[in-house]
Structures are given as structure tokens and as C-alpha cells.
Number of protein chains: 2
Amino acid sequence: MISETCIAPVNIAVIKYWGKRDEELILPINSSLSMTLSTDQMCAKTTAAASATFKENRMWLNGEEVPFEGNPRMQKCLDALKRLAEAEKSKRFPLEWKLHICSENNFPTAAGLASSAAGYACLVYTLANLYGVEKSELSSIARQGSGSACRSIYGGFVEWVAGIKNDGSDSIAIQVQPALHWPEMRVLILVVNDSRKKTSSTNGMLNSVNTSDLIKHRANVCVPQRILQIKEAIARKDFKTFGEITMRDSNQFHAICLDTYPPCAYMNDTSHAIVNFIHQYNETRGDVKVAYTFDAGPNACLYLLEEEVANVLSLLNKVFPNDNSENSEYVKGIPIDLQKVRPASELYNQEIVPVGNNLLKYIIHTKAGEGPQKLLDPEDSLVDDAGMPKKLK
Amino acid sequence: MISETCIAPVNIAVIKYWGKRDEELILPINSSLSMTLSTDQMCAKTTAAASATFKENRMWLNGEEVPFEGNPRMQKCLDALKRLAEAEKSKRFPLEWKLHICSENNFPTAAGLASSAAGYACLVYTLANLYGVEKSELSSIARQGSGSACRSIYGGFVEWVAGIKNDGSDSIAIQVQPALHWPEMRVLILVVNDSRKKTSSTNGMLNSVNTSDLIKHRANVCVPQRILQIKEAIARKDFKTFGEITMRDSNQFHAICLDTYPPCAYMNDTSHAIVNFIHQYNETRGDVKVAYTFDAGPNACLYLLEEEVANVLSLLNKVFPNDNSENSEYVKGIPIDLQKVRPASELYNQEIVPVGNNLLKYIIHTKAGEGPQKLLDPEDSLVDDAGMPKKLK
């Protein structure tokens, strides 16, 4: 048996991907741009093993076996990597050998936290290591698993260039700035307590492309301008411009979702209360100190500089009080020193009226990080010597 | 003392007015189209009295005195009518006489139910009667009080033509179809229990014009097409087309509000749950049987044909259960016969899971109606023989 174990990061888009020009190849109608998050706090982990003795391809996701052959996107990624291995004449093992793939996230899959992006990036990166192939084409292979997975192939700030070719060969991710370019940048992910059913991203964006009258204007006019502007802002570490474009693009993406027929409302009342909180906070501070962005769900991702984290969190705990806020599990990730925070009156020129209790489930504090990494310690493998999962649900 | 008492209707737009090209004259960036609602269920009522003995202009709104001179929009309407009276040499009484104006709504002002539209239409219509002037220019005078008030000057289906002139003289309302054109058409207004602060329409639309990248595309491309299409649909009483355009335009208006910076979220979770309910209902029935539209607040206005009212209401009471639903005050307006409703399974192909309790405050059942009317019975006057309000708060 030969096996490889890798981890891959989550990425959070500041210019959103929404809408495909090709459903099959997963080609977007507009470019998008994200920051890759540190794998220290959130990552997908995958072990891929190949053996002459395996009878069939099998896969386990978070400790549960899932159909392998029935998943066309998975199959597409695997086929592409095998073709690459053949073309590159990589000969680590015969390509006929069956695979056992075991994958898990160290964060809740269901919370709508880009788990498929990390998952597919990890799968593709791990298989590339297993087959011993070059890594230059990996983003376009990951893209075919889940569009935004292509951005998780790189660390730091990453652009997914939409491309114009019909075969999708120019629809790839490129690193705009490395992970260490803006070391003060932090992310607070506010996971919102929510039980509503949501339209899947795949179906939501298909509906938007088919029915929104505004989506073309966004893709053709608004996004190209924003991509240029935000890349400049990132290059010169101009948080104000970065933050404002991030918020505007999040707003516009959700506007397009509402302009869809039937409309998709991914943000809920708690999400909108967070938006109001951030604008109020920035207004009090007289500057853009925090920026929100929302994916296709109610959770907020806040971008902010390190110096602002304790201030925001202490005020957040007042406006969104939580019974667990004293619990160490409530704020996960990079430790926060709540000792040296500014008085609330300097941070918020509104009366502090709690929006409601326990509207947030937990908070993750993280920062920019590197792309996928190969793990060398055999302890890290998710499968045992027989190629079976070490942990099952 | 000489006095006149009139009532004026509320109107609910199906193609929304959002955004001014001239703040002073209240000229819109796009045409809009509404249905005037029957004054039997909702109306503003105004008595305007003039007397040589009145010392100053005074005004009472819903039983409370409000500043008269301090309100520039009020003043603008009054000045325009006095100029008209002078030009037409109408001589019912000397124009120097001071006025007492007493106005009230028979529906809650605070509920965001177009009370200013009905109020200003009523004020202008009543003053026109008081001064004895021609009614041809009233919609453009009412427009300067509150934009959408111009549409309440006519009954039935009314278009507010945006116009192109800088002086606003071509920005007027015209009747598209009379009130009796589509007698089966009904409206259910679902007043949502809500306590959130909202951005005023005036500020919201100003922000949208200044910051939304999508609003121009809406005004220049989407709305003109929709106005043509919905007028045709109304002319041939094609509910399916009417309903679909109505829903799409409501969605797009709220999309523009979200694309605003900072964003305005007027709809809340209950509003979105109503949207889902209506789409599910229509899907089950295999046709567009009900259409929703939302103004700058969380309340839903449902357009539907008479035959559908009892079905929708009975199902609505299951999905949005209310402790008051047996109370005669919960559903106001035209009586509804809940005896002959279809079984829920024919109306809803989803499991009926209540969204939550008491999410609605009350429901108003109404239909299309006529424009403002003059009341002749002295009993209807809101002021006594001395020109003072009969009722004060």
C-alpha cells in the first residue's frame, strides 16, 4: 500500500463567485478573489491510499462511507489526475490500483463554512501527491470538483481568473499576494444559530443566471472594476478600501440572490443585525475598521486588523450576548487578550441594546495562511495499515 | 367658516418607485405602477377649514397638533394650490384666510402602509375642493408632498410616468385602468409583527441612488420593460403575468436596497418566510395564484383573485398560526367565507410546519377602489363649528 496525507485550507471570498457560464466544466461568469485561511484553525484533511489488494474505490467523509462512483465531480477530479499521471509518465504504482480515500474537516461541515472548497482542494492535492504528478494544473482540476476549491490551492490572497476559453483551460487560480504579505490581517467568523433550509449554492447560482436581470451587469461591469481596485488595496495594505469593497461586494452578491426568481435569502435577521453593528462600529470609529462578508448562508466573516480584534469582540459580546461567552469553546482559534480593550463608548455611539440572546453559536478567530500541505508523520494518516479508516462514526 | 372633508385611498405599487432624480421636486428615476385600494378598508380623511377668524395655520394629525409652517412639503403643496386658485381666479374666500387642517388615517400610521401617500393625496384633494380649483394638476402637486401620493389621486391601476423634463411638469400620474376593470382582484395585507428601526424611504432611496451600482440598470432597462408588460397583463387580466412581474419587481427593489451602502434590509425573516410560502403555494397549484409585494418595510401585500382568498387564508393560518386568528379583529376588511376551502394537501405539497407563532399582527382584506372622494354629510367633518378638531388624543 502506498498512501499520502495532506491538509488544505478554507478560503473566504471578498469578491464573490456567483454564476457559471458552463455548468459541466464549472466556469464562472466573473472572476473572484479570496483570502486563504490558516490551516491551524480550519482545514480539510485527506489520506489517499492505493493498493494492489483493494477490491474497489472507497471513500469515507467525516467517518462515514460515501458512494465513490456515484459522485461525478469526484470522478472527474480523479480521472483528470490519472490522465496527468499517464502523460507525465509518473510511475509510483500501477494506475489500475484501486483507492481508499478518507477525508475529514476539523470544523462543522454543515455550518456553510466553505467545507467543499477545502475538501476538494485537499482531495486533488492529496491525489496529486499520491500519483506523483506536477502541481501546475491542480487549480483547474480542483475547480471541477467545486468551483471555489481552485482558490484553496494557494495561500494568501488568491484570484480565480474567470477566463474566456470554452474549454476552461484559462479559468485558473493565481496567487495575488502570499500569506505573509499582510500579517496584521485577521478574520472573525461568527457562526450564526440557524435552522432554516437553504437553497444549495449550485442551484441558487443556476437560478440567478437564468432569472436575475442584474447579474450580467454585476459580472460584466461591477466585478472587473472591483477586482482591480481590491488587488491594489491589498498590495498597498489599504484596509479602508479593502474593507469597503469587501462589504459592497458581499451586499451586491446577496442583492443578486434576492433578484433571483424565486429569490434566495441566505442572510437572516441576525446577519443583518451584524451588518448594522459593523456599520455602526465603523461610523463611531470614523473609519472602516471592520468589514463583513457573507457567503451563501447566514454566517458572517469579519475582516479586521489584529489591533481591532479585542475591541470588536468585547463589544460584540454586549450586542450579541451569549450564555457561553465565558466558555473557552465559544471563541475558538487564535487567543484574544480581552484585557486591553477600549471603553464601549469610544467604540459605539449607539445605546448598546442586545439584539437577542444566543444568536451566535460560536466564533472562530483566524488569519491568512498557506495553501495545501503534505503531512509526513505516519501518525497523521487517517487510515490504518490495511487502508481502512482509523475512526468511524 | 368654509370647510371641505374628503377621503383618499392607499395605493400599493407593483412596479416600485425607488430613487429620485430631483430631491426638491420629487422626480423619480423610473416610472412606477400601482393599484389603488378601496377606501372602504383603508383611507386617509382630511377636513380643511378656512375662516377670517383663524389667527394662524394649524394642523392636527391623528388627533395631535403638528407644526404647520415647519413642514416644507406641506407648505409646498399649499402654495401650489393657492397659486392655482389665483390663476383660475377661484374666489370662494380670500386667499389670506388662515386654515385649520385636521387629518386622520383609519389604519395604523406606523405600520408602513403607505400612509403618507394617502395622507398627501387627501390633503391636496381636500385643499383643491376648499379653494375650488380644477383637478387636472393635482397629481403633480401631491407628488411634491410625497412621491407615491400622486398615484393615490386616481382609482384603479395607476402609472406614475417618470417624465424627463427638469421642471417636473411631465412627471404625473395617469389612470391605466379604472377600479372596476378587474373586479375579481383582491389584496391581503399581512401586517408583520416587527419592532426594528428602519431607514426612512427618503434616506434609503437617496443612499441607493448615490451608492448602488445596479440601480441605474434597473431604472433604465428593467423597469421600462416591466411597465409595458404589466400594463398589457392588466389590460387582458392575465394574472399569471401580472403576478410574476409583481414578484420579480418587489424582489429587485429589495435587491437594490441591499446593494446600497450601507445596505437597507426592509424585509425580515418573517417576510422571507411569506415569500417562500407563496412560491410553495404557487408551485403546488401549478400556476401563479398569488403574488407578493413588499414596500420599504416587512409587511407583505398579496395580490390574488377572489376565488383564491379563502384557500390562501386558511393555509396561512396553519403556516403562520396566530393566537388571535379566531378573533374578528385579526382579519379586517371584506368578510371571507372559510367554509369552502380546498384541503391543505391540494394547496401545499410541503409538510405544514408552522414558521413560528404570532409572526403576523393582523391581516387586511381589500380590493381595488376609486380615487379621492368628497364627503357631503356634515357629520363626516373632523372639525367642529369653531374649526377645532372634534377628537383629540
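The values are calculated or read from the model by the stated rules, or taken from the named source; none is laboratory data. Everything numeric in this text was worked out from a predicted model, so none of it was measured. Cβ placement follows ideal geometry from the backbone for every residue including glycine, while neighbour counts extend to all protein chains displayed. All accessible areas refer to the heavy atoms of the entire protein, side chains included, with ligands and DNA or RNA removed. Shrake-Rupley method; radii C 1.70, N 1.55, O 1.52, S 1.80 Å.
Considering each residue of the stretch A:256-264 in turn, none proves to be free of Cβ contacts under 8 Å to residues at least 40 places away in the same chain, on the phi < 0 side of the Ramachandran plot and open to solvent by less than 10 Å² (accessible area, probe 1.4 Å).
Yes or no, residue by residue, for (1) more than 18 Å from residue A:27 (Cα to Cα); (2) of a type outside the set (Asp, Glu); (3) in contact with a Phe, Trp or Tyr (Cβ under 9 Å, 6 or more places away or on another chain):
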position: A:96; (1), (2), (3): yes, no, no
position: A:104; (1), (2), (3): yes, no, yes
position: A:123; (1), (2), (3): yes, yes, no
position: A:126; (1), (2), (3): yes, yes, no
position: A:138; (1), (2), (3): no, yes, yes
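Going residue by residue through the stretch B:138-149, is there one that turns out to be surrounded by 16 or more Cβ atoms within 10 Å (Cβ to Cβ) and within 22 Å of residue B:302 (Cα to Cα)? Yes, the stretch B:138-149 contains at least one residue that is surrounded by 16 or more Cβ atoms within 10 Å (Cβ to Cβ) and within 22 Å of residue B:302 (Cα to Cα). State whether the residues of the stretch A:137-159 include one that is part of a loop (DSSP other than H, G, I, E, B) and on the phi > 0 side of the Ramachandran plot. Yes, there is a match, as at least one residue in the stretch A:137-159 is part of a loop (DSSP other than H, G, I, E, B) and on the phi > 0 side of the Ramachandran plot.
For the stretch B:321-336, the count of residues that are of a type outside the set (S, T, N, Q) and within 18 Å of residue B:275 (Cα to Cα) is at least one. The set of residues in the stretch B:184-207 that are out of contact with any strand residue (DSSP E or B) (no Cβ under 9 Å at 6 or more places or on another chain) and either surrounded by fewer than 16 Cβ atoms within 10 Å (Cβ to Cβ) or within 14 Å of chain A (Cβ to nearest Cβ) (or both) comprises B:195, B:196, B:197, B:198, B:199, B:200, B:203, B:204, B:207.
For the stretch A:270-289, filtering for residues that are over 24 Å from residue B:268 (Cα atoms) and β-branched (Val, Ile, Thr) leaves 2. Could you say whether any residue in the stretch B:58-79 is in contact (Cβ under 8 Å) with a residue 12 or more places away in the chain, touching a Ser or Thr at 6+ places or on another chain (Cβ under 9 Å) and assigned to a helix (DSSP H, G or I)? Among the residues of the stretch B:58-79, at least one is in contact (Cβ under 8 Å) with a residue 12 or more places away in the chain, touching a Ser or Thr at 6+ places or on another chain (Cβ under 9 Å) and assigned to a helix (DSSP H, G or I), which makes the answer yes. Against the condition touching a strand residue (DSSP E or B) at 6+ places or on another chain (Cβ under 8 Å), more than 8 Å from chain A (Cβ to nearest Cβ) and over 22 Å from residue B:315 (Cβ atoms), how does residue B:231 come out, does it pass? Considered against the rule, which asks whether it is touching a strand residue (DSSP E or B) at 6+ places or on another chain (Cβ under 8 Å), more than 8 Å from chain A (Cβ to nearest Cβ) and over 22 Å from residue B:315 (Cβ atoms), residue B:231 comes out as yes.
Being open to solvent by 30 Å² or more (accessible area, probe 1.4 Å) and facing chain B (nearest Cβ under 10 Å) is the filter here; which residues of the stretch A:208-225 pass it? So that I can check it myself, show each step before the final result.
Step one: filter the stretch A:208-225 for residues open to solvent by 30 Å² or more (accessible area, probe 1.4 Å), giving A:209-210, A:213, A:216-217, A:220-221, A:224-225.
Hits for the stretch A:208-225 are A:213, A:216, A:217, A:221, A:225.
Scanning the stretch A:31-41 for residues that are touching a Gly at 6+ places or on another chain (Cβ under 8 Å) and buried (at least 22 other Cβ atoms within 10 Å of the Cβ) yields A:35, A:36, A:37, A:39.
Listed here are the residues, each with its yes/no results for (1) in a strand (DSSP E or B); (2) within 28 Å of residue A:167 (Cβ to Cβ).
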position	(1), (2)
A:39	no, no
A:49	yes, no
A:56	no, no
A:120	no, yes
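Screening residue A:164 with (1) crowded, with 19+ Cβ neighbours inside 10 Å; (2) within 26 Å of residue A:137 (Cβ to Cβ); (3) out of contact with any Leu (no Cβ under 8 Å at 6 or more places or on another chain) gives one miss only, at (1).
Condition check ((1) more than 28 Å from residue A:64 (Cα to Cα); (2) crowded, with 20+ Cβ neighbours inside 10 Å) across all residues:
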{"site": "A:286", "(1), (2)": "yes, no"}
{"site": "A:303", "(1), (2)": "yes, yes"}
{"site": "A:319", "(1), (2)": "yes, yes"}
{"site": "A:327", "(1), (2)": "yes, no"}
{"site": "A:349", "(1), (2)": "yes, no"}
{"site": "A:364", "(1), (2)": "no, yes"}
{"site": "A:368", "(1), (2)": "yes, yes"}
{"site": "A:385", "(1), (2)": "no, no"}
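Screening B:62, B:71, B:11 for residues that are within 23 Å of the chain's Cα centre (by Cα), crowded, with 23+ Cβ neighbours inside 10 Å and not small (Gly, Ala, Ser) leaves exactly one candidate, B:11. Report yes if residue A:37 is modelled with pLDDT of 95 or more, of a type in the set (A, V, I, L, M) and farther than 19 Å from residue A:297 by Cα, otherwise no. Considered against the rule, which asks whether it is modelled with pLDDT of 95 or more, of a type in the set (A, V, I, L, M) and farther than 19 Å from residue A:297 by Cα, residue A:37 comes out as no. Tallying residues that are under 24 Å from residue A:372 (Cα atoms), outside any strand (DSSP E or B) and touching a residue at least 40 places away in the same chain (Cβ under 8 Å) within the stretch A:92-107 yields 4.
State whether the residues of the stretch A:235-243 include one that is outside any loop (DSSP other than H, G, I, E, B) and touching a helix residue (DSSP H, G or I) at 6+ places or on another chain (Cβ under 6 Å).
yes
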